[in-house]
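Chemist: Next up is a structure, given as structure tokens.
The values are calculated or read from the model by the stated rules, or taken from the named source; none is laboratory data. Predicted model, so just to flag it, every value in this text is computed and none were measured. Cβ placement follows ideal geometry from the backbone for every residue including glycine, while neighbour counts extend to all protein chains displayed. We work out accessible area using only protein heavy atoms, side chains counted, and drop any ligands, DNA or RNA first. Shrake-Rupley method; radii C 1.70, N 1.55, O 1.52, S 1.80 Å.
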Amino acid sequence: MRSVHFPDSAPHLAVALSGGLDSMVLLRLAHAHVRAHGGALSAFHVHHGLSPHADAWRDHCAAAAAALDVPFDWRAVQVDKGKSGVEAAARKARYAALGEICRAHGAVVLLTAHHLDDQAETVLLQLLRGSGPTGLSGMDTANRGPGLLGDAQLLMARPLLSVARADLEQVAREQGIGWVEDESNSDPRYARNALRHGVMPALAAAFPGFQQRIARSAAHAGAAQRLLDELAAQDLAACLVARDEPADITHAGAGEAAGALDLAHVRGLSRDRIDNLLRHWFAVRRLAMPSTAWLAQMVAQMLSAREDAQLLVEHPDVHVRRHRDRLYLVPRLPDLAGMRDPEDAGLIERHAQSFRWNGEASLAFPDYGGVLHFDAAGRGFDPAWLRAQPLEIDFRKGGERLRLAHNRPSRPLKMHYQASGIPAWERGRLPIVSAGFDLLFAAGIGMDFRHVDEGQGRIALRWESTAQAAFG
């Protein structure tokens with residue numbers, strides 16, 4: 001079959017073998033390809049446990065692989081319906097298991113048996129869902145899906161994507177390939193089955209060869225999407241500004257999450273380019289793609305809210321916030337235990353955590369969302385004096401003042417936060433360290449110089465936030 005294209009120079013191929021017609025033909029074709037071109041071939045099966053025939057399907061796959069002397073492995077998965085339904089849950093579990101088996105056996109390319117009819121069904125389903133160019137592009141002949149397979153290095157290839165199912169049936173008949181039939185494939189409650197059995201035959205009768213034309217349209221949509229991605233990448237580079245972190249605070253793992261969009265640049269774009277930019281920004285941050293309605297609401301608030309308004313738009317993965325005419329994607333972080341009385345979560349009153357410094361390089365304070373570091377420095381606290389102090393860590397209650405230099409007056413923390421450009425939503429998660437009534441250190445700002453001097457072996461305090469480590 002000339003339209004079958006296997007990846008070049010792949011040392012170890014693996015076939016996702018369900019036992020159905022498509023994957024059984026793919027196994028035979030892949031076996032012939034490896035015999036002619038070299039390399040290794042394995043067959044992997046996922047047992048969903050959703051059908052009373054699932055054991056028989058697994059045994060059928062094992063026997064077919066053994067007949068070709070192809071190594072075989074399988075995994076059983078538990079399919080939890082969840083909010084997305086059985087189809088989506090089974091797909092997620094299947095690909096996760098296939099990725100696991102590939103890693104266990106060292107396979108670098110996973111072959112799936114998606115064919116031309118599958119591509120047409122996929123594009124039609126996306127069209128019915130109101131998808132844009134990305135969805136209407138259909139499936140790629142090859143791509144990496146770390147979110148599905150759990151491995152950014154594993155390539156998923158579809159060598160049969162330009163082959164019609166009728167051609168696969170002909171190959172199966174000619175070569176005597178047996179296959180199993182999944183009874184769920186005829187259940188019209190599933191959208192793809194309703195399309196396959198109710199719509200596709202009518203299209204085939206009225207428009208013979210429609211699958212190829214839909215695939216051609218999908219290729220055009222894919223080309224258009226690539227151009228949109230290139231434009232969005234250029235716009236993002238022009239609008240994205242780095243976040244300047246104060247020297248005394250780090251966000252572990254934050255990476256690009258600290259970036260923000262300069263709204264002055266964003267406003268110079270057309271509405272369509274703004275939407276394209278924002279979708280691309282969410283995509284590179286690996287966040288759930290927002291709906292059209294949600295995006296419209298966000299853009300409206302972003303462009304029309306008062307300059308001093310505390311803009312907040314909720315997203316399942318993040319909060320979208322605005323500060324000083326910049327737009328931020330802020331992780332949805334849980335409340336910290338130090339924010340409230342641990343005995344009664346309903347109380348606003350907070351209690352500081354007492355501690356002593358005994359020369360440690362750092363101390364972890366999970367209730368306050370981070371680690372307090374004690375760095376050797378030429379300017380800081382005298383270590384002997386610091387050891388002798390009963391220390392407390394807490395979140396600010398209001399009214400605290402800090403003096404950043406000997407030749408400067410003390411100022412309220414709020415003024416320091418404003419001068420440092422720290423957004424209001426972050427201030428409540430930045431702890432302070434005190435010795436009695438004396439404020440020694442405020443995360444995000446620095447040390448109070450009433451007890452700081454210069455000399456060898458001084459100790460400088462530095463706060464490292466760990467609450468945002470997963471967002472990056």
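Chemist: What percent of all Cα-Cα pairs in the stretch 259-330 falls into each 5 Å bin, going from 0 up to the bin containing the maximum distance?
Modeler: The percentages, shortest bin first, are 3, 16, 31, 31, 16, 3.
Chemist: What ³J(HN,Hα) values, in whole Hz, does the Karplus curve 6.51 cos²θ - 1.76 cosθ + 1.60 give for the stretch 284-292 when θ = phi - 60°, with x put for Gly and Pro?
Modeler: Couplings: 5, 8, 6, 10, 4, 5, x, 6, 4 Hz.
Chemist: Assuming R0 = 35 Å, what is the FRET efficiency of Leu263 and Asp375, from their Cβ-Cβ distance, to the nearest 0.05?
Modeler: On the way: r = 36 Å, r/R0 = 1.04.
Once the sixth-power term is evaluated, E becomes 0.45.
Chemist: For the chain, the longest stretch holding no trypsin sites (Lys or Arg not before Pro) located in a DSSP loop with at most 13 other Cβ atoms within 10 Å is which? Show your work: numbers first, answer last.
Modeler: Values: sites that count: Arg2, Lys81, Lys83, Arg129, Arg189, Arg267, Arg286, Arg306, Arg324, Arg332, Arg356, Lys397.
The longest such stretch corresponds to 3-80.
Chemist: So, taking all protein chains as they sit and a 1.4 Å probe, how much accessible area belongs to Val180, in Å² rounded to tens?
Modeler: Roll a 1.4 Å probe over it and Val180 shows about 30 Å².
Chemist: Further question on the same structure: Rounded to two decimals, what ratio of Rg to Rh does the chain give with C-alpha atoms and a Kirkwood Rh?
Modeler: So for the chain, dividing Rg by the Kirkwood Rh gives 1.10.
Chemist: Keeping all protein chains in place and using 1.4 angstrom, which order do Trp179, Trp425 fall into by accessible surface area, from largest down?
Modeler: On the way: Trp179 90, Trp425 40 Å².
Result of the area sort, largest leading: Trp179, Trp425.
Chemist: When the solvent-accessible surface of protein heavy atoms is calculated with a 1.4 angstrom probe, in what order do His53, His45 fall, highest first?
Modeler: His53, His45
Chemist: Let me ask something else. Report Tyr190's accessible area, 1.4 Å probe, all protein chains in place, as a number in Å² to the nearest 10.
Modeler: That residue has around 60 Å² of solvent-accessible surface.
Chemist: Quick one: work out Rg over Rh on the C-alpha atoms of the stretch 369-472, Rh as Kirkwood radius.
Modeler: Values: Rg = 13.7 Å, Rh = 14.3 Å.
My calculation puts Rg/Rh at 0.96.
Chemist: Let me know the volume per residue of the alpha-carbon convex hull for the stretch 28-173, in Å³.
Modeler: Working: hull volume 20.5 nm³, N = 146.
That works out to 140 Å³ per residue.
Chemist: Ok, one more. Restricting to the chain, compute how many DSSP beta bridges are antiparallel as a %, nearest 5. Walk me through the numbers on the way to the answer.
Modeler: Values: 48 of 67 bridges.
Close to 70 percent.
Chemist: Name the shape class, rounded, prolate or oblate, that the alpha-carbon gyration tensor gives for the stretch 1-68, where a ≥ b ≥ c are the square roots of its eigenvalues, rounded holds for a/c under 1.5, and otherwise prolate holds if a/b is larger than b/c and oblate otherwise. Kindly include the intermediate steps, with their values, before the conclusion.
Modeler: Numbers: a/c = 2.37, a/b = 2.11, b/c = 1.12.
Note, shape of the stretch 1-68 comes out prolate.
Chemist: Rounded, prolate or oblate: which one fits the stretch 114-201, using the alpha carbon gyration tensor with axes a ≥ b ≥ c (rounded when a/c is under 1.5, else prolate when a/b beats b/c, else oblate)? Write down the numbers at each step before the final one.
Modeler: On the way: a/c = 1.75, a/b = 1.15, b/c = 1.52.
Oblate is the answer for the stretch 114-201, as a/c is 1.5 or above yet b/c matches or exceeds a/b.
Chemist: State in Å² the accessible area per residue of the stretch 89-201; use a 1.4 Å probe, count heavy atoms of protein chains only, and round to the nearest integer. Numbers along the way, then the final one.
Modeler: Details: 5440 Å² over 113 residues.
That works out to 48 Å² for each residue.
Chemist: Then there is this: Hey, what do the phi angles of the stretch 128-139 turn into as Karplus ³J(HN,Hα) couplings, whole Hz, using 6.51/-1.76/1.60 and θ = phi - 60°, x for Gly and Pro?
Modeler: 5, 8, x, 6, x, x, 4, x, 6, 6, x, 8
Chemist: As a test of reading the structure, rank Val284, Val46 by solvent-accessible area (1.4 Å probe, protein chains only), most first. Mind showing how you got there, number by number?
Modeler: Details: Val284 60, Val46 15 Å².
The ranking, largest first, comes out as Val284, Val46.
Chemist: Oh, and also: For Gly145, what residues show an amide H to amide H distance below 5 Å, using hydrogens built from the backbone and excluding near sequence neighbours?
Modeler: Met156
Chemist: Let me ask something additional. Determine the per residue accessible area of the stretch 390-453 with all protein chains present and a 1.4 angstrom probe, expressed in square angstrom. Intermediate results must be reported in sequence, preceding the final value.
Modeler: Details: 2850 Å² over 64 residues.
Heavy-atom accessible area per residue stands at 45 Å².
Chemist: Carbon and sulfur: what percent of the chain's accessible surface (1.4 Å probe)?
Modeler: Working: 12520 of 24050 Å².
After summing per-atom areas, the C and S share lands at 52 percent.
Chemist: A further question on this structure: Per residue of the chain, what 222 nm ellipticity follows from adding -39500 (n - 2.57) for every DSSP H run with n ≥ 4, rounded to the nearest 500? Kindly include the intermediate steps, with their values, before the conclusion.
Modeler: Details: 16 runs with 173 residues, N = 472.
Result for the chain: -11000 deg cm²/dmol, rounded to the nearest 500.
Chemist: Within the chain, what's the longest stretch lacking GluC sites (Glu not before Pro) that sit in DSSP loops with no more than 14 other Cβ atoms inside 10 Å? Can you show the working numbers first?
Modeler: Numbers: sites that count: Glu181, Glu307, Glu343, Glu349, Glu360.
Answer from the scan: 1-180.
Chemist: Hey, another quick one. To the nearest 10 Å², what's Asp59's accessible area with a 1.4 Å probe?
Modeler: Result for Asp59: roughly 80 Å² accessible.
Chemist: Related question: Give me a comma-separated list of calculated 3J(HN,Hα) values for the stretch 153-167, in order, Karplus coefficients 6.51, -1.76, 1.60 applied at θ = phi - 60°, integers in Hz, x for any Gly or Pro.
Modeler: 3J(HN,Hα) across the stretch 153-167, in whole Hz: 8, 7, 8, 10, 10, 10, x, 9, 5, 9, 9, 6, 4, 4, 5.
Chemist: To continue, here is another question. Please state the charge dipole magnitude for the stretch 264-304, taken about the Cα centre, from unit charges on C-beta atoms (+1 on K and R, -1 on D and E), reported in debye and rounded to the nearest 20. Provide the component values of the computation, followed by the final result.
Modeler: Values: 6 positive and 2 negative charges, 24 e Å.
That gives a dipole near 120 debye.
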